[in-house]
């Protein structure tokens, strides 16, 4: 009985020590960076360069650039830019089986390869490749199919903007260059 209590108390103590040790390892992603700068200020100093993509993915590229510009610096106040974000967007449309007179499923995939560099000197701070996909239905009517495809491109662009912002925030929070 005493031994069981002792083991339980020891287990509780060990759990508490591990929890406290792990708590010291966590850091808020959008808190101060390793250099002490506010993450919001670092992200606001990023200039999003015009995207490189194919003609088919232009709606996704437009949505991606607009969303990134807003998500990185949505204040509206002019801020001096210290970093340049260059993104290359590629993607494809995958159509599932076709049934006569019915809608068919499709998946719009996109891959964004980005590089964050300093404007002064051009040193690379971060780079990454991210993917996003959106499923939708292609209807038999031409206008409906075109509208659904365009909407899928816009959604995949917005999704990639979220992923790029999160990836940049995580990398910059670790103190890689900023």
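Please treat every number below as a calculation from the coordinates, not as lab data. Keep in mind it's a predicted model, so treat the numbers as computed, not measured. We place every Cβ from the backbone using ideal geometry, glycine too, and count neighbours over all the protein chains shown.
Things worth noting here:
- Between residue 95 and residue 162, full extension at 0.36 nm per residue minus the direct alpha carbon distance yields a gain of 21.6 nm.
- Using R0 = 35 Å, the C-beta based FRET efficiency linking residue 11 and residue 66 works out to 0.10.
- The alpha carbon convex hull volume per residue for the stretch 55-126 rounds to 122 Å³.
- Distance (nanometres) between label positions extended 7 Å along Cα→Cβ at residue 115 and residue 129: 1.5 nm
- This ranking places 69, 52 by how few other beta-carbon atoms lie within 10 Å of each, fewest first, which gives 52, 69.
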